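See structure below.
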Amino acid sequence: MDNFAEQLVKRQLTKSDRTRETVSLVIGIGLTLFFIVTTFLTIGNGGLFSFLGIILAVFSGILTYKNKKNSQIEYEYTFTNGELDIDKIIAQARRKEMISIQVSKFTEFGLYDLSVPEETDDMTVVYATDNIMSHEYYADFQHEEYGNTRLIFCPDERMIDNINKFIPKKLRVELKKESELNENCNDKADGES
């Protein structure tokens, strides 16, 4: 029987993403309005300036719209018999393959929190997350193309269960201990409330 799981994760915009998007939108709309106003002011002076203004206004409007749509990013995790494939989907229209890895090659795997060692200078970090820190996981491994690699992602329970079947036994034991520790901490916190 095949072990298969699929998950779609929508990336949440950070404050800096929202600021950049707002600035881009304001500049884009401003340029479009500027070109429209300039076109109306130059209508009597000749057809070339009016035509150029219309072209620039349309171009600016399209560019602003595309920039806004491109900020909509989703990640698709596909797990099949020990292989994890992650694709980036931009504006629900374009798909880009990010990484593909056999999870049996993981050297580290667990919750991505303050206890995780920092990334090193020689490490390639692949972010495929929704930007909500509380449920992110990390996986360290050697990749043929990227070398020393860390993947930061947010798998759901079904995906974790499938990954858990194929990771090295040492990591499975560590993940189980970490899970039990988190449950104990949550039980104590509930008891104190």
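Each pair of Cα atoms in segment 65-104 enters the Kirkwood radius, and Stokes-Einstein at 25 °C and 0.890 mPa s then converts it into a translational diffusion coefficient of 223 µm²/s. Relative contact order (percent) for segment 50-193, with alpha-carbon contacts under 8 angstrom and 6 or more residues of separation? Answer for segment 50-193 is 18 percent.
For segment 62-193, with all protein chains present and a 1.4 Å probe, just round the carbon and sulfur fraction of the accessible area to a whole percent.
Carbon and sulfur: 49 percent of the exposed surface of segment 62-193.
Normalised Debye scattering of segment 22-85 at q = 0.16 Å⁻¹ gives log10 I(q)/I(0) of -0.61, counting only Cα atoms as equal scatterers and leaving out solvent. Of the complete DSSP H runs in the chain, those spanning 27 angstrom or more by Cα along the long axis with a mean Kyte-Doolittle score not below -0.5 are 15-41, 47-69. Evaluated at q = 0.14, 0.15, 0.16 Å⁻¹, the base-10 log of the normalised Debye intensity for segment 12-145, with identical point scatterers placed on the Cα atoms, takes the values -0.80, -0.86, -0.92. Taking 0.890 mPa s as the viscosity and 25 °C as the temperature, the Stokes-Einstein diffusion coefficient of segment 88-169 based on its alpha-carbon Kirkwood radius rounds to 180 µm²/s.
Under the combined filter of DSSP loop state and at most 10 neighbouring Cβ atoms within 10 Å, segment 28-116 retains none of its GluC sites (Glu not before Pro). In the chain, the DSSP beta bridges split such that about 90 percent are antiparallel, to the nearest 5.
The values are calculated or read from the model by the stated rules, or taken from the named source; none is laboratory data. These figures come from a predicted structure and were not determined experimentally. Because the Cβ atoms are built from the backbone with ideal geometry, glycine has one as well, and the counts that use them run over all protein chains shown. These accessible areas exclude ligands, DNA and RNA; they are computed on the full protein's heavy atoms, side chains included. Shrake-Rupley method; radii C 1.70, N 1.55, O 1.52, S 1.80 Å.
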